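Below is one structure, written out as structure tokens; the observations come after it.
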């Protein structure tokens with residue numbers, strides 16, 4: 001069966017990379033001057049792996065509960081599941097106190113309220129973790145930005161600014177720390193080279209455990 005590729009991205013990278021996203025789309029990243037026939041050859045060679053990843057993505061998609069923001073639903077925050085309670089006579093639209101308390105007057109805009117809450121918490125907590133780990137490691141960085149990225153947990157700009165998806169705040173703190181350290185490592189090592197992974201291992205020796213958690217659970221970090 002021929003592989004349908006959603007996007008081929010050319011850049012100054014030296015290696016080829018095939019990504020199967022949570023929606024089963026296939027994205028291929030290639031060097032600027034990579035010939036089309038070589039790209040096709042590499043995709044064909046990895047077709048079994050791609051099909052397996054696509055089927056896993058589709059299966060995980062079927063397991064994601066449809067979010068209705070109804071009383072009794074559970075939502076992720078720092079790796080824990082917390083109950084949503086729809087309450088009467090609450091002045092604030094959304095509060096968190098060991099459970100999510102959503103005013104019944106604001107249920108219709110619950111998704112936007114939760115995204116806003118997660119963004120605020122992500123900026124607060126991730127900024128704290130970046131400051132802490134940068135201080136310990138002696139790595140200098142620019143700004144911390146929170147984004148709506150749905151495909152990447154974090155990224156590092158050429159000038160040292162660090163970007164993180166607000167969805168990351170749903171993960172356990174150890175996983176948050178790993179993504180922070182991953183991006184801090186990119187300040188000195190821009191590509192995913194052997195030296196980069198040696199730096200990650202130096203900063204976070206158990207990084208593979210946290211990578212696996214993201215691989216196994218990342219599809220649940222959605223609203």
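Across region 92-110, what is the number of residues that are more than 27 Å from residue 175 (Cα to Cα), touching a strand residue (DSSP E or B) at 6+ places or on another chain (Cβ under 9 Å) and touching a residue at least 12 places away in the same chain (Cβ under 8 Å)? Residues in region 92-110 being more than 27 Å from residue 175 (Cα to Cα), touching a strand residue (DSSP E or B) at 6+ places or on another chain (Cβ under 9 Å) and touching a residue at least 12 places away in the same chain (Cβ under 8 Å): 6 in total. Suppose the filter is closer than 30 Å to residue 15 by Cα, in contact with a helix residue (DSSP H, G or I) (Cβ under 9 Å, 6 or more places away or on another chain) and not in a helix (DSSP H, G or I); does residue 134 pass it? Criteria not met by residue 134. All conditions but one from (1) crowded, with 16+ Cβ neighbours inside 10 Å; (2) within 30 Å of residue 124 (Cα to Cα); (3) in contact (Cβ under 8 Å) with a residue 24 or more places away in the chain apply to residue 64; the one that does not is (1). With respect to the conditions (1) part of a helix (DSSP H, G or I); (2) in contact (Cβ under 8 Å) with a residue 40 or more places away in the chain; (3) touching a strand residue (DSSP E or B) at 6+ places or on another chain (Cβ under 6 Å), residue 214 falls short on a single one, namely (3). When the test is whether a residue is modelled with pLDDT of 95 or more and either exposed (fewer than 14 other Cβ atoms within 10 Å of the Cβ) or over 21 Å from residue 217 (Cα atoms) (or both), residue 141 passes it. The number of residues in region 192-210 being within 18 Å of the chain's Cα centre (by Cα) and at pLDDT below 95 comes to 1.
Residue by residue, here is whether (1) surrounded by fewer than 17 Cβ atoms within 10 Å (Cβ to Cβ); (2) in contact with a helix residue (DSSP H, G or I) (Cβ under 6 Å, 6 or more places away or on another chain) holds:
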position: 98; (1), (2): yes, no
position: 101; (1), (2): no, no
position: 122; (1), (2): no, yes
position: 128; (1), (2): yes, no
position: 154; (1), (2): no, yes
position: 157; (1), (2): yes, no
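Could you pull out the residue among 119, 29 that is touching a strand residue (DSSP E or B) at 6+ places or on another chain (Cβ under 7 Å) and assigned by TED's automatic domain parsing to the domain that holds residue 215? On inspection, the qualifying residue turns out to be 119.
For region 21-40, indicate whether the set of residues that are touching a residue at least 40 places away in the same chain (Cβ under 8 Å), closer than 25 Å to residue 109 by Cα and surrounded by 11 or more Cβ atoms within 10 Å (Cβ to Cβ) is non-empty.
We begin by selecting, within region 21-40, every residue touching a residue at least 40 places away in the same chain (Cβ under 8 Å); these are 21-22.
Within this subset, residues satisfying the condition of being closer than 25 Å to residue 109 by Cα are none.
Among the residues of region 21-40, not one is touching a residue at least 40 places away in the same chain (Cβ under 8 Å), closer than 25 Å to residue 109 by Cα and surrounded by 11 or more Cβ atoms within 10 Å (Cβ to Cβ), which makes the answer no.
Can you say whether residue 122 is closer than 22 Å to residue 213 by Cβ and either touching a residue at least 12 places away in the same chain (Cβ under 8 Å) or not in a helix (DSSP H, G or I) (or both), as far as the supplied structure shows?
Criteria met by residue 122.
Here residue 70 does not qualify as in contact with a helix residue (DSSP H, G or I) (Cβ under 9 Å, 6 or more places away or on another chain) and either surrounded by 12 or more Cβ atoms within 10 Å (Cβ to Cβ) or touching a residue at least 24 places away in the same chain (Cβ under 8 Å) (or both).
The values are calculated or read from the model by the stated rules, or taken from the named source; none is laboratory data. Keep in mind it's a predicted model, so treat the numbers as computed, not measured. Note that each Cβ is placed from the backbone with ideal geometry, even for glycine, and that neighbours are counted across all protein chains shown.
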